[in-house]
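The values are calculated or read from the model by the stated rules, or taken from the named source; none is laboratory data. Note that the structure is predicted; figures quoted are calculated from it, not measured. For neighbour counting, all protein chains shown are included, and Cβ atoms are generated from backbone atoms with ideal geometry for every residue, glycine included.
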């Protein structure tokens, strides 16, 4: 995949398709009897989907050796933030009608909203520091540490969804399982001695 | 690894630069279209559009009282009706799907004949009622609010008859204090019963005096038509002062019992769903605000009323009871 510029455009457009379809369906009144709930759920799910996609980049890169994948990580992460923002705004505007005073009480009574909000606000510093300039300014090590917040956001997001559903927990549990695999992979890699890590590639170096 | 270049390529063999660019643009366009189509397909698969509502048979109704009496008794609320499309495409009916927008599609073609409701337990005259016998009870229109525990509400013009009329026929004994209800258990006709999302069959219960209240009805239709399958065909309970899940759908069994019967949702989450589950803005729920609600079709919230606005009619049933404990 040498054509990175085009690949970025390709992914950018594909990431916008769900939003375009959501707007189209809303315009055509195809979002069912409770548009508020539908839009909230859709944007929320998209947030988790993009979070998981951005967390998939590193393991996939390690396993396949396709290092160019990292070039799309920032975009996927920013899309998670974007859909998370739309999700939050749906809640603030249509659920609370911009009655900001009613939000603290609502959050206090419903822990799942508190967890969702916290997860969103944890994404803010990560999104702000996503530029190349910021990587330089912070230094790779510190930047990396800060961006590990994404793991927490993932856990928070899945927990938020799981706490919301009444009894059919299949989708949140699926998300949770995927997250577990993605984070578990990182944990295993961290505690695998570096020497062992190099054992696998030697399979190819034996001529 | 070094790449070997051929140096004997003839000029005529080299692809023209313009053709090369065109091919490249074509490939790009194809990639864009293919990936776009795949994303659209994936999104549509996960977020399907709602199904068209089927049109049902008409039901003959009688009017039992003059208009102002109807309002006073709570039989008719003077609020804007929720459109039929919404009532028939936004359903909590876990036997078909846990996605409210998918129930209509999954329930399409649900066979409701033959259908019988077995009424027994602590009664003098137990009886199995065939659906046609149930339709012989004088059918009335009742325009009720429906408040779901999830925080949304509708106004529905039901067709049905008072549950008390049925119970009087079987003559409950003096030991009978509660009424239990059961939904059909048939995974072949209710495919989601193959999953374990709830403990099947769905069961509900009322205290006998609640069941005898004139507002409690067995509904057989809505909007003047036979109930669509997704709304609980062919016969369902409607108890307008309680959260929607109390109004059990597709009933096959009614039993009069001495002790408080188990109910599906309070077994699922005893701290969240009580046996009574009266609509109560003062008892908070960890998932949904019970102080306000979204009326389907409206874009501003509205306050939730005590007993869903039926306090004048039903509050006396709970005199002396702490409704925060018996929620």
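For the reader, a short list of remarks on this structure follows.
- Residue in segment A:10-19 that is surrounded by 20 or more Cβ atoms within 10 Å (Cβ to Cβ) and out of contact with any strand residue (DSSP E or B) (no Cβ under 8 Å at 6 or more places or on another chain) present: yes
- Residue in segment B:36-54 that is touching a strand residue (DSSP E or B) at 6+ places or on another chain (Cβ under 8 Å) and away from chain A (no Cβ under 12 Å) present: no
- Any hit, segment B:59-75, residues being modelled with pLDDT of 90 or more and either touching a strand residue (DSSP E or B) at 6+ places or on another chain (Cβ under 6 Å) or outside the structural domain of residue B:140 (by TED's automatic domain parsing) (or both): yes
- Every residue from segment B:78-88 that is buried (at least 18 other Cβ atoms within 10 Å of the Cβ) and in contact with a helix residue (DSSP H, G or I) (Cβ under 7 Å, 6 or more places away or on another chain): B:87, B:88
- Filtered residues of segment B:210-259 (kept if free of Cβ contacts under 8 Å to residues at least 40 places away in the same chain and either touching a helix residue (DSSP H, G or I) at 6+ places or on another chain (Cβ under 7 Å) or assigned to a loop (DSSP other than H, G, I, E, B) (or both)): B:239
- Residue B:81 being within 14 Å of another protein chain (Cβ to nearest Cβ), modelled with pLDDT under 95 and under 22 Å from residue B:62 (Cβ atoms): yes
- Helices (runs of 4 or more DSSP H) within segment A:120-190 that include 1 or more residues more than 13 Å from residue A:77 (Cβ to Cβ) and within 14 Å of another protein chain (Cβ to nearest Cβ): A:149-164, A:170-190
- Some residue of segment B:106-119 being within 14 Å of chain A (Cβ to nearest Cβ) and either without any contact (Cβ under 8 Å) to a residue 12 or more places away in the chain or over 27 Å from residue B:202 (Cβ atoms) (or both): no
- Where residue B:275 falls short, out of the listed (1) surrounded by 16 or more Cβ atoms within 10 Å (Cβ to Cβ); (2) assigned to a loop (DSSP other than H, G, I, E, B); (3) in contact with a helix residue (DSSP H, G or I) (Cβ under 6 Å, 6 or more places away or on another chain); (4) within 14 Å of another protein chain (Cβ to nearest Cβ): (4)
- Residue in segment B:294-302 that is touching a strand residue (DSSP E or B) at 6+ places or on another chain (Cβ under 6 Å), assigned by TED's automatic domain parsing to the domain that holds residue B:82, modelled with pLDDT of 95 or more and surrounded by 15 or more Cβ atoms within 10 Å (Cβ to Cβ) present: no
- Criterion: touching a strand residue (DSSP E or B) at 6+ places or on another chain (Cβ under 7 Å) and surrounded by fewer than 24 Cβ atoms within 10 Å (Cβ to Cβ) - qualifying residue of B:196, B:224: B:224
- Test: residue in segment A:37-49 that is surrounded by fewer than 17 Cβ atoms within 10 Å (Cβ to Cβ), modelled with pLDDT of 90 or more and more than 26 Å from residue B:87 (Cα to Cα): no
- For segment B:255-273, residues that are under 20 Å from the mean Cα position of the chain (by Cα) and farther than 19 Å from residue B:183 by Cα total 2.
- Within segment A:1-117, helices (runs of 4 or more DSSP H) holding 3 or more residues that are more than 11 Å from chain B (Cβ to nearest Cβ) and touching a helix residue (DSSP H, G or I) at 6+ places or on another chain (Cβ under 7 Å): A:4-27, A:35-64, A:73-90
- Test set (1) touching a helix residue (DSSP H, G or I) at 6+ places or on another chain (Cβ under 7 Å); (2) at negative phi - residue B:266 fails condition number: (1)
- Take the conditions (1) under 30 Å from residue A:92 (Cβ atoms); (2) assigned to a loop (DSSP other than H, G, I, E, B); (3) more than 14 Å from chain A (Cβ to nearest Cβ); residue B:262 misses just one of them, which is (1).
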